[in-house]
Amino acid sequence: MVAGALGVLALAIVVYGSTGLLRVWQMKQEVEALEREIVTLRGEAHDLERAADQLRNDPGAVEKIAREEYGFVRAGDKVLKFPPTPGGR
């Protein structure tokens, strides 16, 4: 009886202790999630580096952003303004 109780206690300590199997499994899951996040962030960083390089070296890319996002026009350009469509699109 005592040996059985000690066995259960030992098993509980192994599974639920501060360095138990449950905690090890949780930490492994956290590491895997962080590794996936690192891969995603590296991809985003690569995309941003490519975009920054393009903006540094391609005047056409800068002009495209200036025209599309900020509404800039060159002298002599004709600007056509259309009424808003129903529904805000």
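Rule-based calculations on the coordinates, nothing more; no lab input. Since we're looking at a predicted model, the values are computed, not measured.
Observations, loosely collected:
- Computed [θ] at 222 nm, helices only, for the chain once each DSSP H run of length n ≥ 4 contributes -39500 (n - 2.57): -25000 deg cm²/dmol
- Oblate is the label for segment 6-89, because a/c, from the alpha-carbon gyration tensor with a ≥ b ≥ c as root eigenvalues, is 1.5 or above and a/b does not exceed b/c.
- Segment Ile38-Ala75, extension gain: residue separation times 0.36 nm, minus the distance between their alpha carbons: 8.7 nm
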